[in-house]
Amino acid sequence: ASTLGAAAAQSGRYYGAAIAQGHLGESAYVNTWNTEFTSVTPENEMKWDTVEPSRNQFNFGPADQIVSRARSRGMSVRGHTFVWYQQIPGWVSGLNGNDLRAAISNHINQVAGHWKGQIHSWDVVNEAFEENGTRRQWFVQQRLGDGYIEEAFRTARAADPNAKLCYNDYNTDGVNAKSTGIYNMVRDFKSRGVPIDCVGFQSHLGSGANLSSYQANLQRFADLGVDVQITELDVGGSGSGQAATYRAVTQACLAVTRCTGITVWGVTDKYSWRSSATPLLFDGNYNKKQAYTAVLDALNGG
Ligand code: G3I
């Protein structure tokens, strides 16, 4: 197959990109998205500060632009994200106890409800663990305790029963303290019937990344009975080193039956959040990079 999406589809997987509403007026950007990708994650447009800037006042317009374009082309959509310690509007951080709990519940109900039936997977909770494998000590954790994560998953399941519900995090690119903390949570959720369907591995990497246990880590989560997804892939560096890292991640996903898709965190280097890096598959002029060729070749079984 000659595109990322078609090549991934040969094994039943999707190949996605993070897309920003602000670039939809640029034809090369939209054309590359349409040609190469079969899934999309709105890069910022579904985050709490954008969709609910004031309490119970919702702004779905920017994300709707992305979702409607995706759906008209048969792409799947990853929802990102309900509960995260960043991009939280100021009004939330003043809440406590049951009022905070109610605000989170209403946020999930309204946002999940707006796109009910249209989202392949939701990142229900994002980046809730520290590097040492303990819970991130942010204000929701401190005020509501460990239970906020499972409450979020239960609320999301009721609000959109057909969406896969994911926990998503970074620096989980192997068997390490952080991924083990998350692993233990997922195992606990599965044993107690808390609804969780998938784990997202962001995979913001450098060319020298040690990926020696990357595949084994994906597999141990899959063995718990959840899907795994590469959700925000980008790789620092350039040339053959970058390409080799992209190839290794692609091959690891292909080797794990329950690794259902890969998303790169942007289309072109010129709009990457890693502003001083060139971490994506297309350069600033939308030319295919060596990394692109490596990924396509790997998806085609090479
Ligand atoms: O749109 C506003 C603009 O109106 C304003 O003038 C400008 C001034 O700061 O800010 C613009 O918003 C920025 C937004 O990106 C859109 O460009 C924010 O400042 C900036 O903080 C925001 O950065 C995003 C970042 O998440 C926020 O933490 C990045 O685009 C986005 O790629 C990044 O994505 C995260 C994932 O959600 C979670 N995992 C890590 C990943 C990388 O940090």
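Values in this text are rule-based calculations from the coordinates and carry no lab data. Keep in mind the model is a prediction, meaning the values are calculated, not measured. Cβ coordinates were reconstructed from backbone atoms using ideal geometry, including for glycine residues, and neighbour counts include every protein chain displayed.
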By how many nm would the segment from Trp273 to Asn300 lengthen if fully extended, with 0.36 nm per residue of separation less the alpha-carbon distance?
6.9 nm
Contour minus Cα-Cα span, Asn285 to Asn210, at 0.36 nm per residue, comes to 24.0 nm
Rounded to the nearest 10, the angle in degrees between the Cα long axis of helix 27-36 and the longest principal axis of the Cα atoms of the chain comes to 90
Counting each pair of different Cα atoms once, what's the Kirkwood radius of the chain in Å, rounded to one decimal?
19.3
Among Asn59, Asn217, Asn98, whose mean-square fluctuation peaks in a Gaussian network model of the chain (Cα, cutoff 10 Å)?
Asn98
Calculated [θ] (222 nm, deg cm²/dmol) that DSSP helices of n ≥ 4 give over the chain, each run adding -39,500 (n - 2.57):
-12500 deg cm²/dmol
Quick one: order Trp138, Trp84 by neighbouring beta-carbon count within 10 Å, fewest to most.
Trp138, Trp84
Pairs of Cα atoms under 8 Å, at least six residues apart: use those to get the relative contact order of the chain, whole percent.
17
Between Leu24 and Gln142, what is the label-to-label distance in nm when each label sits 7 Å out along the Cα-to-Cβ direction?
3.8
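Using the Kirkwood formula over every pair of different C-alpha atoms, what hydrodynamic radius in Å results for the range 119-198?
The Cα-based Kirkwood calculation yields 13.0 Å.
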In whole Å and largest first, what semi-axes does the C-alpha gyration tensor of the range 37-143 yield when each eigenvalue is scaled by 5 and square-rooted?
26, 17, 11
Inter-centroid distance (Cα atoms) of the range 49-103 relative to the range 275-302, Å
30
Gain in span if fully extended, Glu131 to Ala6, counting 0.36 nm per residue against the direct Cα distance
41.4 nm
Lys, Arg +1 and Asp, Glu -1 on Cβ, resulting dipole of the range 15-90 about Cα centre, debye, nearest 20:
200
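Give, to the nearest whole percent, the P(r) tail of the range 143-281 beyond 23 angstrom, counting all Cα pairs.
When all Cα pairs of the range 143-281 are counted, 37 percent exceed 23 Å.
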